[in-house]
1. Does segment 7-14 contain any residue that is in contact (Cβ under 8 Å) with a residue 40 or more places away in the chain, in contact with a strand residue (DSSP E or B) (Cβ under 7 Å, 6 or more places away or on another chain) and not β-branched (V, I, T)?
2. Select, from E54, E40, E69, E21, the only residue that is modelled with pLDDT under 85 and acidic (D, E).
3. Select from segment 41-64 the residues that are at negative phi and either in contact with a helix residue (DSSP H, G or I) (Cβ under 9 Å, 6 or more places away or on another chain) or not in a loop (DSSP other than H, G, I, E, B) (or both) and list them in ascending order.
4. Looking at T17 and the list (1) among the β-branched types (V, I, T); (2) touching a strand residue (DSSP E or B) at 6+ places or on another chain (Cβ under 6 Å); (3) crowded, with 16+ Cβ neighbours inside 10 Å, which single condition is not satisfied?
5. So how many residues does segment 1-19 have that are among the basic types (K, R) and either over 24 Å from E69 (Cα atoms) or not in a loop (DSSP other than H, G, I, E, B) (or both)?
6. What is the residue count in segment 20-40 for residues that are of a type outside the set (G, A, S), part of a loop (DSSP other than H, G, I, E, B) and surrounded by 14 or more Cβ atoms within 10 Å (Cβ to Cβ)?
7. Looking only at segment 50-64, filter to residues that are under 10 Å from the mean Cα position of the chain (by Cα) and open to solvent by less than 30 Å² (accessible area, probe 1.4 Å); which one of those is farthest from E21 (Cα to Cα)?
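The values are calculated or read from the model by the stated rules, or taken from the named source; none is laboratory data. Note that the coordinates shown come from a computational prediction; the quantities given were computed from them, not determined experimentally. Here Cβ is always computed from backbone atoms with ideal geometry, including for glycine, and neighbour counts include all displayed protein chains. Ligands, DNA and RNA are excluded from the accessible area calculation, which covers all protein heavy atoms including side chains. Shrake-Rupley method; radii C 1.70, N 1.55, O 1.52, S 1.80 Å.
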Amino acid sequence: MEEQIKIGDTFTFRKSTLKVEPAQRNDDGSYACEGCYFFENGLGCYNDYVCMSENRDDRTNVIFREVKEE
């Protein structure tokens with residue numbers, strides 16, 4: 001079952017801290033996956049975390065961006 005994590009929340013996935021952020025739109029109006037940890041690392045979409053607006057209670061497309069420690 002897919003887990004829905006709120007925008008702004010962070011969680012740990014395979015020793016990486018990920019933050020849920022709204023996805024940006026491409027020039028053609030579609031939503032961009034660029035910057036998403038799963039997309040950028042070739043892990044495939046979704047990975048048990050809901051990112052598509054039609055499947056989220058807040059109706060927002062999101063990405064999961066890695067938070068780097070400084």
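1. No; the residues of segment 7-14 include none that is in contact (Cβ under 8 Å) with a residue 40 or more places away in the chain, in contact with a strand residue (DSSP E or B) (Cβ under 7 Å, 6 or more places away or on another chain) and not β-branched (V, I, T).
2. The match here is E69.
3. Answer for segment 41-64, where residues must be at negative phi and either in contact with a helix residue (DSSP H, G or I) (Cβ under 9 Å, 6 or more places away or on another chain) or not in a loop (DSSP other than H, G, I, E, B) (or both): L43, C45, Y49, C51, S53, E54, N55, T60, N61, V62, I63, F64.
4. (3)
5. Count: 1.
6. Total meeting the criteria: 2.
7. Among those that are under 10 Å from the mean Cα position of the chain (by Cα) and open to solvent by less than 30 Å² (accessible area, probe 1.4 Å), it is V50.
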